[in-house]
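Visitor: Quick one: the structure is below, questions incoming.
The values are calculated or read from the model by the stated rules, or taken from the named source; none is laboratory data. As the structure is a computational prediction, the values presented were derived from the model and not from experiment. These area figures cover heavy atoms from the full protein model, side chains too; ligands, DNA and RNA do not enter into them. Shrake-Rupley method; radii C 1.70, N 1.55, O 1.52, S 1.80 Å.
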Amino acid sequence: RWECLGHRCGKMALLEWLPTDGGVDELQRQSQACVDLAEVVARWRHAGDIDSFFHECAQTIQEFSGFDRVMIYRFLPDGCGEVVAEHTSADYQQKYLGLRFPASDIPSQARTLYLTNKLRVLADVEAPMDSLVPPTVPGGELLDQSHCLLRGLSTAHLSYLRNMGVRATLTLSIVCAGKLWGLVSCHHHQPITPPHHIRKGLRQVCELLAEVS
């Protein structure tokens, strides 16, 4: 079973295929996860302490998504970033909570892309990237992959993930009043392709995070 995503780029259509687990048990798990997430989101709206709110968000996202580690990353006024919440599965320990990272870790072009495409998936760090043939659209311009879910990442970022022992990632943008407030970063130590139900639920979470933040 496959899931197909598509969008327009000028006169061209860009199609992406993602493998899906269509088993009955998996579909039931995803359905129940969405119900549980909706209940948790409703409870979050009444949270009184922002730090506790971020902690609950990270815990719920980790349990809902099935990723090994989830971090909420907030940008500071000088462009640097700080991990304000972290939650892991039972097999791993917290490592990054409270750490700060320089602005250069996420350059300006990457931040612009996070505003354009609020959900990014890297299903397997070690998967070879296929070349586009031809890599241009009619007229000679490079193909714009800004809205693609599975576009390749820079070699520098891939090395960064390998150094952390990460095999797959999902990143969501937290956008407040048109500005990039922060990111939700999900890491996994095995290849993983989150299905539509999970991605949709995580988008809803980030909308609430933006509303509260």
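Visitor: Counting pairs of alpha carbon atoms under 8 Å apart in space and at least six apart in sequence, what relative contact order in percent does the stretch 53-189 give?
Guide: Details: 220 pairs, mean separation 37.8, N = 137.
Contact order relative to length: 28 percent.
Visitor: Please give the per residue accessible area of the stretch 112-178, computed with a probe of 1.4 Å over protein heavy atoms only, in Å².
Guide: Computed with neighbouring chains in place, this is 56 Å² per residue.
Visitor: Would you mind classifying the stretch 105-192 by shape? Square roots of the alpha carbon gyration tensor eigenvalues, ordered a ≥ b ≥ c; an a/c under 1.5 is rounded, otherwise it is prolate if a/b is larger than b/c and oblate if not.
Guide: Oblate, because a/c is 1.5 or more while a/b does not exceed b/c.
Visitor: In deg cm²/dmol and to the nearest 500, what is the mean residue ellipticity at 222 nm of the chain if only DSSP H runs of at least 4 residues count, each as -39500 (n - 2.57), divided by the residue total?
Guide: -11000 deg cm²/dmol
Visitor: Count the lysine pairs in the chain whose Cα atoms lie under 24 Å apart, taking only pairs 8 or more positions apart in sequence or on different chains.
Guide: 4
Visitor: Could you tell me the distance between the Cα centroids of the stretch 62-121 and the stretch 172-203, to the nearest Å?
Guide: What the calculation gives is 10 Å, centre to centre.
Visitor: Just one of (i) 32, 29, 14; (ii) 25, 21, 20; (iii) 27, 22, 18 is semi-axes √(5λ) of the Cα gyration tensor in Å as worked out from the coordinates here. Which one is it?
Guide: Looking at semi-axes √(5λ) of the Cα gyration tensor in Å for this model, the match is (iii).
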